[in-house]
Amino acid sequence: MGSLLVERHPTTSLQPKAHILNARTMEVFGQLAVADDIYREGAPPENCGAMVWLSSLGGSEPYDRKVLYRTSAYGGGELAERYARSSAYRHANLGQRWLEPLLRRHAEQRAPGSLLFHHELTGLAEDDGRHRHRAGPDLGPDPADTGGLCRRGRRRQDRQPAAGHRHDRHTDLPGVGQPPCPGRLLAVHPCDDAVVNRVSSLSAEGTLEHCGVVPMGPTRWGRHSEEWTLMFSRPPGARKADELDDATLVAMVRRTLKLPDDHAMEVQSISRWPVEGTVADHFRSGRVFLVGDAAHRHPPSGALGLNTGIQDAHNLAWKLAHVVDGLAGPALLDSYEAERRPVAQRVVERALFSLFNQIAFTAGTGVVQGARPEWNRAQMTALFADTPDGETRRAVLREYFATNRITTSHLGLEMGYDYADAGYVGDDLTARPRVDPLGLDHEQSARPGARLPHAWLRHHDRRLSTTSCSRAPGPSCCSPGPTAVPGWRRRGNSPTRTACRSSRTRSGAGTAPRTTTAPGPGCAATTRGARCWSARTAMWPCAGPRPRAAGRRPRRPRRGAGHRPGPRRAHRGGTGRHPVSGQRCTPVAVVGGGTVGLMLALLLDHHGIPSVVFDHGESGQQRPGGSTPGARTMEHLRRLGLAGPVRRLGLPGEHPGDLACFTRFGGRELSRLPLPTASQRLRRVAAAPRTDQLPEPVHHADRMYLARFLREHAGTRPNITLRPGWRVTALRQDAQQVRVRAEHPDHPGEDWAARYAVGSDSGRGFVRSALGVHDETAGPRRPAGAGAGDRPATAAHLRLPTFHREVLGGPGRGATGRSTRTWWST
């Protein structure tokens, strides 16, 4: 079928533009017999296997020139086997600057005289059921071209669509641009297999600046590429891209990549364009159709734009051919928009989401937008430190980067589109395959409307794929109407569905065998040493081994949360006055009667050591704090015989433990982390074999209730002296003791002599001040900007008796009616 191509530019694209051609697109090129040429001129497979995130290409800071993350991408690396099960073609990597001349050569050989470059379409009218067009030579220069520096503006089709078409604009961010800057760049990074590099460098102002660095070949690839495309965005509120001159843009490139000023860089062209996602409200008007960028536009994240446009053309071409040749009626052309517009909408939505998700990893670095530069520099330094904290930070960062797989691996999005809902194919009453919501995996199907499944077939001495065995123009998706192909034996009533057997693949993860470790000798309870007192030593204890009867074994703690050991004998002498000087004495003085201070006193009591606790706060103060005593804390409470009573303080045993996030209180649920109830945890421990070393399960009880309970229990212990309302005002120590001065508003002051003193009166308490203890200054401790770091965070403790019923949808239930323990509202 004849055609005419009109292009207002004198030649094909001078910009590298899109460069990744996915497997589905290469199937189309395979049918056109140009796939081999594309593979030959494009990058070899060993240079197209990964996407790499780098901290910079230069610089000397501890966090410069580091690999933040690398992953297999675009059908390469570890993805190759999965993609090979779905298609006989692999991805290709060839920029449009070199792809378009290749396609032009093929088109001119097959249809000489049908390509009109340097011509502009100036008129379009429908007359007597036919569309007539008027094209004239475009002899003037491109208004966006200046001198030898090609600065391409939007094409004419991007300005005002013809034929009454309107674009539904998903996103338009004024002030945000992504100017690609191709240039000659001597690569200084080590990643030869990266098809795309993303550099996220920390600027002198403490902000992360992101830039895409793409090797473009064209004769050498990887780090040896002669040409590169650099794409970076401007943050909201910054100067618009079209307000920046070329010199400023080049300086921004050097700054982002941290390249020295003398690094060779020959700029060949710069383009500026907005970040937007648009889909035309319809793809057809009478006899005129839209394909590619004329129908939909979106950012290049995910490499979906060019591929979607080529597949638009493939879908429309065989339908036009059938109608023009009289093999089908004009109604067939109505299926083009019905089939391709939903695909375009999904692609645009994914591309926009992927674009902003690519910078979400910033949260995993600890860098805070608007924070002090020294804070952000300290976070990046800690990220690469050879310390346990650095290892933890890098593990967390990998979790953030894992979400970017929707950009680099979307086999389901490329192959999994289904035309069954468009209304133009029949239904064979078979179940649809599972659809991966992330679009990562694809389960092949022979249902009508789905892409024809790939399987290898033997035809004489050749191995062919089912997707390339059709010789006649037509759909490459399954349909009820079979078309016989010479050389193939007919089976049953539908050779289209029986010529191959679809290989459905399912992924699953195995589970490692559970191993148990028998408790070692260290699990046994240790024997307490004897303590002796004397006036000569001012009542200080001296350690000495207590004689043990021959053959006597140390007592082991009993299992179970409700275990309560026998009462401890009060230490001889206890807390009291010195028998000679009359001064108040105690082995340990605890300053601060909060949860930690009380636990210390109770644990000392467990070992028979008296103590006195000074607490200037009000007894039973209603101030919530931490609400989840961990497994190790519950083990300490069990040692004190308090695990059972503490479990009765918090949530009821059968109350749900889920954590849920909602758009607002009573709104839509965004996510949920299901957690077992307290009773389920305890039953799991009780049912476990005794050889399993299961910790005491965590519990949910707010600190204000726990502190009140511990205070009441400490008041019953003979080795603990509580001094509520007493403030320590002086602290002096020598080689023998610590002298403590305590005062009370209603009582005369007291002087105490203690062998040791412990401060648990907060980070801004008296003990730290008296000792001259300061925070370490290795790095900043507050991320806020200038003046904002002194504003404390705020937490409100409210009483809302009807909140659960009137807002949350019932007792302990969210908007969906499912029970939950904690709501997060965003």
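The values are calculated or read from the model by the stated rules, or taken from the named source; none is laboratory data. Bear in mind the structure is a predicted one, so any value in this text is a computation, not a measurement. Cβ coordinates were reconstructed from backbone atoms using ideal geometry, including for glycine residues, and neighbour counts include every protein chain displayed. These accessible areas exclude ligands, DNA and RNA; they are computed on the full protein's heavy atoms, side chains included. Shrake-Rupley method; radii C 1.70, N 1.55, O 1.52, S 1.80 Å.
Quick one: which residue in Arg65, Arg70 is surrounded by fewer than 19 Cβ atoms within 10 Å (Cβ to Cβ), touching a strand residue (DSSP E or B) at 6+ places or on another chain (Cβ under 6 Å) and not in a helix (DSSP H, G or I)?
None of the others qualify; the one that does is Arg70.
Do we have any residue at all in the range 421-437 that's touching a residue at least 24 places away in the same chain (Cβ under 8 Å), closer than 27 Å to Glu81 by Cβ and open to solvent by less than 60 Å² (accessible area, probe 1.4 Å)?
yes
Of all residues being part of a loop (DSSP other than H, G, I, E, B) and open to solvent by less than 10 Å² (accessible area, probe 1.4 Å) in the range 599-613, which is nearest to Arg639 (Cα to Cα)? Just the residue, please.
Here the answer is Gly608.
Considering only the range 330-356, state which residues are open to solvent by 60 Å² or more (accessible area, probe 1.4 Å) and more than 27 Å from the chain's Cα centre (by Cα).
Selection gives Pro330, Ala331, Asp334.
Condition first: of a type in the set (Gly, Ala, Ser), closer than 20 Å to Ser72 by Cβ and open to solvent by less than 60 Å² (accessible area, probe 1.4 Å). Can you find one or more residues in the range 371-391 that meet it? Explain how you work it out, then say what you get.
In the first step, residues of the range 371-391 are kept if they are of a type in the set (Gly, Ala, Ser); the result is 371, 378, 382, 385, 390.
Cutting the leftovers down to closer than 20 Å to Ser72 by Cβ gives us none.
The answer is no, given that none of the residues of the range 371-391 is of a type in the set (Gly, Ala, Ser), closer than 20 Å to Ser72 by Cβ and open to solvent by less than 60 Å² (accessible area, probe 1.4 Å).
Sort out which residues of the range 728-752 are without any contact (Cβ under 8 Å) to a residue 60 or more places away in the chain and over 22 Å from Gly617 (Cβ atoms), and write them in order of number.
Selection gives Arg732, Gln733, Asp734, Ala735, Arg739.
Specify which of the listed residues (Arg223, Arg272, Arg284) is charged (D, E, K, R) and surrounded by fewer than 19 Cβ atoms within 10 Å (Cβ to Cβ).
Matching residue, one of Arg223, Arg272, Arg284: Arg223.
Would you mind stating whether Leu651 is under 25 Å from Arg723 (Cβ atoms), in contact (Cβ under 8 Å) with a residue 24 or more places away in the chain and touching a His at 6+ places or on another chain (Cβ under 8 Å)? Please lay out each step first, then the result.
Values: under 25 Å from Arg723 (Cβ atoms): no; in contact (Cβ under 8 Å) with a residue 24 or more places away in the chain: yes; touching a His at 6+ places or on another chain (Cβ under 8 Å): yes.
For Leu651, the condition - under 25 Å from Arg723 (Cβ atoms), in contact (Cβ under 8 Å) with a residue 24 or more places away in the chain and touching a His at 6+ places or on another chain (Cβ under 8 Å) - is not met.
Can you confirm whether the range 634-644 contains a residue that is under 20 Å from Arg684 (Cα atoms), of a type outside the set (Lys, Arg) and under 32 Å from the mean Cα position of the chain (by Cα)?
no
Given (1) at pLDDT 85 or above; (2) touching a helix residue (DSSP H, G or I) at 6+ places or on another chain (Cβ under 9 Å); (3) part of a loop (DSSP other than H, G, I, E, B); (4) over 22 Å from Leu304 (Cα atoms), where does Gly481 come up short, assuming only one miss?
Answer for Gly481: the failing condition is (1).
Which condition from (1) of a type in the set (Ser, Thr, Tyr); (2) open to solvent by 10 Å² or more (accessible area, probe 1.4 Å); (3) touching a Phe, Trp or Tyr at 6+ places or on another chain (Cβ under 9 Å) is the one that Thr365 breaks?
Answer for Thr365: the failing condition is (2).
Tell me the residue from Thr467, Thr392 that is over 25 Å from the mean Cα position of the chain (by Cα), in a helix (DSSP H, G or I) and more than 19 Å from Val199 (Cα to Cα), please.
Every option except Thr467 fails the conditions.
Being open to solvent by less than 30 Å² (accessible area, probe 1.4 Å) and touching an Asp or Glu at 6+ places or on another chain (Cβ under 9 Å) is the filter; apply it to the range 700-741 and report the residue that is nearest to Ala754 (Cα to Cα).
Taking the candidates together, the pick is Val740.
Applying the selection to the range 654-699, what residues are within 12 Å of Thr820 (Cβ to Cβ), out of contact with any Asp or Glu (no Cβ under 8 Å at 6 or more places or on another chain) and either without any contact (Cβ under 8 Å) to a residue 60 or more places away in the chain or open to solvent by less than 70 Å² (accessible area, probe 1.4 Å) (or both)?
Across the range 654-699, the qualifying residues are His655, Pro656, Gly657, Asp658, Leu659, Glu669, Ser671.
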